[in-house]
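A.B. asks: To start, I am sharing the structure in question, which I have written as structure tokens.
The values are calculated or read from the model by the stated rules, or taken from the named source; none is laboratory data. Predicted model, so just to flag it, every value in this text is computed and none were measured. Cβ placement follows ideal geometry from the backbone for every residue including glycine, while neighbour counts extend to all protein chains displayed.
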Amino acid sequence: MASVTGTSACMTSLSCSFKQTQGRISSVNSVSLSINGKSFPSLRMRSAPRFRVSCAAKPETVDKVCQIVKKQLALPADTTVTGESKFAALGADSLDTVEIVMGLEEEFGISVEEESAQTISTVQDAADLIEKLIETKSA
Amino acid sequence: MVLVLGAGCCFVKGYVVEHLLHFRLLAKLSQGRMFSFVSKRLSLMMMTKVCCFQRNFSSALPPLVPVKLPSKMETHFWYVLPDEVKSESLLSQYSELLSPREKKNLYHMQGDQFKKSALLARVLVRTTIARYQTNCQVNPRSLKFKKTIYGKPEVDWENGDKWCPPPLHFNISHTSSLVACGVTVNVPIGIDVEEKQRRLKNKILAFAKRYFSPDEVKLLTAISDPEIQRQEFIKLWTLKEAYVKAVGRGFSAAPFNTFTIRARVVKMGGFHHFDTQHSEASEIVVESSDDPENLTRNWQFALLDLAGSHYAAICIEKENSAGGVTQNSNVINMWNCMVEVFCDFFAGEAGVPMRLTVWKTIPFVEDERVSGTGAVVPISGLIKQL
């Protein structure tokens, strides 16, 4: 898979839309592109305006989630944890997952219902849910 | 004769290892461990296995020792200790049993210990289910799995071989140091294992207040010794997990704070934490704040100290409770109701114990029945070890 880490500001919106087009469950579920390491710049440019509305979470949120996950699972410092990382693949069992959710609730001042918690499988999912809950809370 | 067959099917690579495995298996058998059970089958195996051998075990693993299905009232519990599985070539042969999707999942896992226990979990479930196919050998590699609409894993028999599939239920759980699989017939099962030394990153009571029921929080709060409190927490967690997994409708269908699990000392009434002096006579019950009473009365629990290192919780549905709907007549329904009322009236009368057999295994290498030994110590729940 192409890795777009979104570390530089100008890449943010592109990485944001690119991640959406990797076929995650979202409101735009009709598009699922498996890029497999190839990049299609023209395709991304075409899709970017369409997906900007339902953008993925801010990189800072994703980073915070990565930190909490690393701490909870006591992962070695050199472990790569990104938005794409699946909790199950990182070695989180059910107790870890619930502890992570609790840690996220405390960190972000939100409350996560069990139904929503069940749908989280990657770090990105968690970050997206957090931002949605923060938005709903402040609305 | 096993050796002759084994030698015939061994390939050059790994020849010595495979041969040693055969020797070891035969040695174990002749020592009497499982000999009486298996000896009758061995001759049959010799005949039927000749044709199946090449087909099933292309990597020259010895045949699995078959086991009879648990009866309707029995639970089988199998576990593997990853630290006992040291052979790299055996682990590599284990990997060959996995489906492409399982291999891919494994590839993406991080951490060697975790990866190993994840591999052993798939191997354990595949080989365990394969053992029960006593009419014809099943290649554990050929088993297919699917998920219910709620996400609970089950065997997909459609693509399997030609016989009538057994009404087999299973559930797995694993930590990095123990991998377990529970099996029943006709009734759903859920299991959970947890290291006894497991520590929470969060504070126990804060966690319990967030996720457990008010009665459970009260019980934990009442424990002043922090170490005992931590142990009780872990025991409670495994029981709650086992229940949710047995119900099989996901975490959200039975949120942890909507049901209470506790130990009830039989014949005395009252509620205690799990480590009571009368642990053999304590029954574990679940009460729901949502559902009507008769739903939660259907579940039977066992809590064990396993291998000295883990708590293991098992939850199965009681046989009759599959419902009044399947009963034959109103008279039987009425009788069942009367029996239940009668039992409730004499609150604390002992229910039927869970008949449990436990094996420690290294698939294809060694099976050891450990129920009734020091490896399996009942903590709570009505259990009869076989």
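A.B. asks: Would you check if there is a residue in segment B:115-131 being away from chain A (no Cβ under 14 Å), in contact with a helix residue (DSSP H, G or I) (Cβ under 8 Å, 6 or more places away or on another chain), within 25 Å of B:VAL358 (Cα to Cα) and hydroxyl-bearing (Ser, Thr, Tyr)?
C.D. replies: Yes, some residue in segment B:115-131 is away from chain A (no Cβ under 14 Å), in contact with a helix residue (DSSP H, G or I) (Cβ under 8 Å, 6 or more places away or on another chain), within 25 Å of B:VAL358 (Cα to Cα) and hydroxyl-bearing (Ser, Thr, Tyr).
A.B. asks: If we scan segment B:196-204, do we find a residue that is part of a helix (DSSP H, G or I) and within 13 Å of chain A (Cβ to nearest Cβ)?
C.D. replies: Within segment B:196-204 (the criterion being part of a helix (DSSP H, G or I) and within 13 Å of chain A (Cβ to nearest Cβ)), the answer is yes, since at least one residue qualifies.
A.B. asks: In addition: Exactly one condition in (1) under 26 Å from B:GLU102 (Cβ atoms); (2) touching a residue at least 40 places away in the same chain (Cβ under 8 Å); (3) among the aliphatic types (A, V, I, L, M) is false for B:LEU219; which is it?
C.D. replies: (1)
A.B. asks: Restricting to segment A:61-81, count the residues that are more than 10 Å from chain B (Cβ to nearest Cβ) and modelled with pLDDT of 90 or more.
C.D. replies: 9
A.B. asks: Taking only segment B:222-244 into account, find how many residues are surrounded by 20 or more Cβ atoms within 10 Å (Cβ to Cβ) and basic (Lys, Arg).
C.D. replies: Counting residues in segment B:222-244 that are surrounded by 20 or more Cβ atoms within 10 Å (Cβ to Cβ) and basic (Lys, Arg) gives 2.
A.B. asks: Identify the single condition in (1) more than 11 Å from chain A (Cβ to nearest Cβ); (2) surrounded by 20 or more Cβ atoms within 10 Å (Cβ to Cβ); (3) not acidic (Asp, Glu) that B:LYS146 does not satisfy, given that it satisfies every other one.
C.D. replies: The failed condition is (2).
A.B. asks: Which residue is nearest to the other protein chains (Cβ to nearest Cβ), if the candidates are limited to segment B:171-185 and must be touching a helix residue (DSSP H, G or I) at 6+ places or on another chain (Cβ under 9 Å) and β-branched (Val, Ile, Thr)?
C.D. replies: Taking the candidates together, the pick is B:THR175.
A.B. asks: Sticking with this structure for a sec: Name the pairs: first residue in segment B:235-262 and free of Cβ contacts under 8 Å to residues at least 12 places away in the same chain, second residue among the polar types (S, T, N, Q) and surrounded by fewer than 23 Cβ atoms within 10 Å (Cβ to Cβ), Cβ to Cβ under 6 Å, at least 6 apart or on different chains?
C.D. replies: Listed pairs, sorted by first residue: B:PHE251/A:GLN118; B:SER252/A:GLN118.
A.B. asks: Output yes when any residue across segment B:209-221 is away from chain A (no Cβ under 13 Å), surrounded by 17 or more Cβ atoms within 10 Å (Cβ to Cβ), modelled with pLDDT of 90 or more and within 24 Å of the chain's Cα centre (by Cα), and no when none is.
C.D. replies: The answer is no; no qualifying residue exists.
A.B. asks: Would you mind telling me which numbered condition in (1) at the interface with chain A (Cβ under 10 Å from one of its Cβ atoms); (2) in contact with a helix residue (DSSP H, G or I) (Cβ under 6 Å, 6 or more places away or on another chain); (3) not charged (D, E, K, R) B:PRO188 fails?
C.D. replies: (1)
A.B. asks: Please enumerate the residues belonging to segment B:245-260 that are closer than 14 Å to A:GLU114 by Cβ, crowded, with 20+ Cβ neighbours inside 10 Å and either within 10 Å of chain A (Cβ to nearest Cβ) or small (Gly, Ala, Ser) (or both).
C.D. replies: Across segment B:245-260, the qualifying residues are B:ALA254, B:PHE256.
A.B. asks: Do you know which residues across segment A:110-139 are of a type in the set (A, V, I, L, M) and part of a helix (DSSP H, G or I)?
C.D. replies: A:ALA117, A:VAL123, A:ALA126, A:ALA127, A:LEU129, A:ILE130, A:LEU133, A:ILE134 - these are the residues of segment A:110-139 that are of a type in the set (A, V, I, L, M) and part of a helix (DSSP H, G or I).
A.B. asks: Residues B:SER117, B:SER142, B:SER87: which one is out of contact with any strand residue (DSSP E or B) (no Cβ under 6 Å at 6 or more places or on another chain) and modelled with pLDDT of 90 or more?
C.D. replies: None of the others qualify; the one that does is B:SER87.
A.B. asks: Criterion first (within 13 Å of chain B (Cβ to nearest Cβ) and in a helix (DSSP H, G or I)) does A:ILE100 satisfy it?
C.D. replies: yes
A.B. asks: Here are A:GLU115, A:GLU84: which of them is surrounded by fewer than 21 Cβ atoms within 10 Å (Cβ to Cβ) and either over 16 Å from the mean Cα position of the chain (by Cα) or of a type in the set (Phe, Trp, Tyr) (or both)?
C.D. replies: After applying the criteria, what remains is A:GLU115.
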